[in-house]
Amino acid sequence: MSSGANMHITIRLQFAKHVVSFSDIATAIGQAGGDIVGIDVISSSKTHTVRDITVSVLDSKHADVVVDTLRKTTGVKVIHVSDRTFLMHIGGKIEVKSKVPIKTRDDLARVYTPGVARVCTAIAEDPTKAYSLTIKRNTVAVISDGTAVLGLGDIGPYAAMPVMEGKAMLFKQLAGVDAFPICLDTKDTDEIVQIVKAIAPAFGGINLEDIAAPRCFEIEERLKQELDIPVFHDDQHGTAVVLLAGLLNALKIVDKKIEEIKVVLTGIGAAGIACTKMLLAAGVKNIIGVDRQGAIHRGVQYDNPYWNEYAQLTNPENISGSLSDVIVGADVFIGVSAPGILKVEDVKNMAKDPIVFAMANPVPEIDPELAEPYVRVMATGRSDYPNQINNVLCFPGIFRGALDCRAIEINEEMKLAAAQAIASVVTDEELSETYIIPSVFNNKVAERVREAVMKAAYKTGVARKDDMMFR
Ligand SMILES: NC(=O)c1ccc[n+]([C@@H]2O[C@H](COP(=O)([O-])OP(=O)(O)OC[C@H]3O[C@@H](n4cnc5c(N)ncnc54)[C@H](O)[C@@H]3O)[C@@H](O)[C@H]2O)c1
Ligand SMILES: O=C(O)C[C@H](O)C(=O)O
Ligand SMILES: [Mg+2]
């Protein structure tokens, strides 16, 4: 059994009053080892009652035992079961709130017609006023087509929504940015570009999320060219920024130089290609990309044009073979691919003091507990292990900075500045194998990223807002 009761499930059940009493039900739950922590009556008639019973259980297996016991109890019908995670999602996780109350007719006449019309006219005369008189300056659209949702793949726009709502919550909590989740029911590049362009007036930035490669590259490029607000594909650049931050710190621990390391990276998709480019820009010389059919190398014509380009930029010794072949002697493994593809044997074959960043979500490339005995520094994308390398350390602060200086784009310098800012939050005294990257809850992160990003934006001439501090 796992340690401690830490999971609550809510079981909605209907029971026939003349057949079974609530105390029989409570006894059955108790005998199955569950603790009742809450009861809500949903409806009651002369013959039947429907109740939501919240039960504390040890884990999901134990939850099944409790529910099975109830299913077998005569007179009881289990309508549905939800756990705490599901309960947190009921009705969605975010809502829209007004900043000013509408209490009187006078208020109404100002927030709405006729007063609002004067404001509309002012914006019509000078569209830049949208920044001061609408939500634009603090609002980002989180846009997905549902095709690469975490590592779950193409699960569609409805199923993508919980992730996008979660991103919106993080934008707000970590950086005060109002973000709006939008999942599009199309996979057509032209259509996505057209839709995002058409909705852009309301937003100060566009965060593309969980759009599969290679389509995501063209969508982002075209939108960047056509819009005057930052367009940022989080899975590419947010991931690359945080990865670089983590690697800079991990290399300090193993005392290796970035120019001298051998890196093997799996998953040559959105995240993988961006991470590779960022590492090359930061000075990595020897990086080998591996996808389903093995190491990407020259001498093969890939259907994916981005892989042909990738082969030119990477793999200096032009090695071919499987992940197990090319990982031999590598200093660093980076996974942005799929669960469980890195074997313990592969880790054992890496160079001394291996660094393993298994970043696939929700299940990493290797179980950290299996890898731990053989690695020096281990990181995953998950919240429940030390060293969480997740783009959440980047996107709130980078957009905060970009919005605050009204940047027209988020460029390479701004990304590099963000990576250095994240890495700098962990001081040399604090740095250790289990603390290479600050916690998501470290409130210094977003602020430091914001400042660094704004500085870089002013330096590279992409900030539109005049700010004495940065002149
Ligand atoms: N920790 C983070 O911050 C973070 C950020 C972005 C993405 N990710 C994770 O990285 C993964 C990829 O995301 P993406 O947006 O780049 O998706 P993507 O669909 O653009 O790319 C995934 C790539 O992985 C490859 N792949 C799949 N199975 C493989 C296997 N068995 N061996 C080698 N390659 C394989 C695919 O062929 C594809 O090229 C997901 O699991 C995602 O959750 C993590
Ligand atoms: O959503 C996350 O936790 C990180 C990343 O954007 C992913 O797609 O896995
Ligand atoms: Mg993502």
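The values are calculated or read from the model by the stated rules, or taken from the named source; none is laboratory data. Quick caveat, the model's predicted, so the values are computed rather than measured. Positions of Cβ are generated from backbone atoms using ideal geometry, with glycine treated the same way; all protein chains shown enter the neighbour counts. When the accessible area is computed, the model is the full protein with side chains, heavy atoms only, and any ligands, DNA or RNA have been set aside. Shrake-Rupley method; radii C 1.70, N 1.55, O 1.52, S 1.80 Å.
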Residue 288: passes all of (1) under 25 Å from residue 192 (Cα atoms); (2) away from ligand 2 (no atom under 16 Å from the Cβ) but (1)
Could you check, for the stretch 430-443, whether at least one of its residues is outside the structural domain of residue 151 (by TED's automatic domain parsing), away from ligand 3 (no atom under 16 Å from the Cβ) and within 12 Å of residue 241 (Cβ to Cβ)? yes
Selected residue [within 19 Å of residue 390 (Cβ to Cβ), surrounded by fewer than 24 Cβ atoms within 10 Å (Cβ to Cβ) and touching a residue at least 24 places away in the same chain (Cβ under 8 Å)] from 248, 280, 313: 248
Quick check on my filter: what residues within the stretch 76-108 are farther than 22 Å from residue 177 by Cα, under 22 Å from the mean Cα position of the chain (by Cα) and open to solvent by 90 Å² or more (accessible area, probe 1.4 Å)? 84, 86, 90
Scan of the stretch 267-277 for residues that are away from ligand 2 (no atom under 14 Å from the Cβ) and either open to solvent by less than 20 Å² (accessible area, probe 1.4 Å) or in contact (Cβ under 8 Å) with a residue 40 or more places away in the chain (or both), ordered by number: 268, 273, 276
Scan of the stretch 396-416 for residues that are under 20 Å from the mean Cα position of the chain (by Cα) and under 20 Å from residue 282 (Cα atoms), ordered by number: 398, 410, 414, 415, 416
It is to be established whether one or more residues within the stretch 101-111 are touching a strand residue (DSSP E or B) at 6+ places or on another chain (Cβ under 6 Å), part of a helix (DSSP H, G or I), over 30 Å from residue 57 (Cα atoms) and assigned by TED's automatic domain parsing to the domain that holds residue 163. no
Specify the residue that is most open to solvent (accessible area, probe 1.4 Å); the eligible residues are those in the stretch 441-466 that are part of a loop (DSSP other than H, G, I, E, B) and over 16 Å from residue 419 (Cβ atoms). 441
Just checking, which of 336, 290 is within 21 Å of residue 381 (Cβ to Cβ), crowded, with 16+ Cβ neighbours inside 10 Å and away from ligand 3 (no atom under 16 Å from the Cβ)? 290
Output the number of the condition that residue 298 fails; it satisfies all remaining conditions of (1) under 25 Å from residue 217 (Cβ atoms); (2) surrounded by 16 or more Cβ atoms within 10 Å (Cβ to Cβ). (2)
Quick one: what pairs do we get from the stretch 421-448, first residue at negative phi, second of a type in the set (D, E, K, R) and buried (at least 18 other Cβ atoms within 10 Å of the Cβ), C-beta under 8 Å, 6+ apart or different chains? 421/448; 421/451; 422/448; 424/448; 425/448; 446/400
Which of the residues that make up the stretch 120-155 are acidic (Asp, Glu) and within 16 Å of ligand 1 (Cβ to nearest atom)? 145, 154
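The rows are residues; the columns are (1) away from ligand 2 (no atom under 16 Å from the Cβ); (2) without any contact (Cβ under 8 Å) to a residue 40 or more places away in the chain; (3) farther than 27 Å from residue 451 by Cβ; (4) charged (D, E, K, R).
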residue: 120; (1), (2), (3), (4): yes, yes, yes, no
residue: 126; (1), (2), (3), (4): yes, yes, yes, yes
residue: 155; (1), (2), (3), (4): no, yes, yes, no
residue: 181; (1), (2), (3), (4): no, no, yes, no
residue: 184; (1), (2), (3), (4): yes, no, yes, no
Options 198, 213; residue that is more than 12 Å from residue 274 (Cβ to Cβ) and either open to solvent by 10 Å² or more (accessible area, probe 1.4 Å) or assigned to a loop (DSSP other than H, G, I, E, B) (or both): 198
So residue 80 clears everything in (1) part of a helix (DSSP H, G or I); (2) over 30 Å from residue 396 (Cβ atoms); (3) not hydrophobic (A, V, I, L, M, F, W, C) except one condition, right? Which one? (1)
Condition first: over 30 Å from residue 346 (Cα atoms) and charged (D, E, K, R). Now tell me which residues in the stretch 363-416 satisfy that. 400, 404, 406, 409, 412, 413, 415
Which numbered condition residue 236 misses (of (1) in contact (Cβ under 8 Å) with a residue 40 or more places away in the chain; (2) surrounded by 24 or more Cβ atoms within 10 Å (Cβ to Cβ); (3) closer than 17 Å to residue 393 by Cβ): (1)
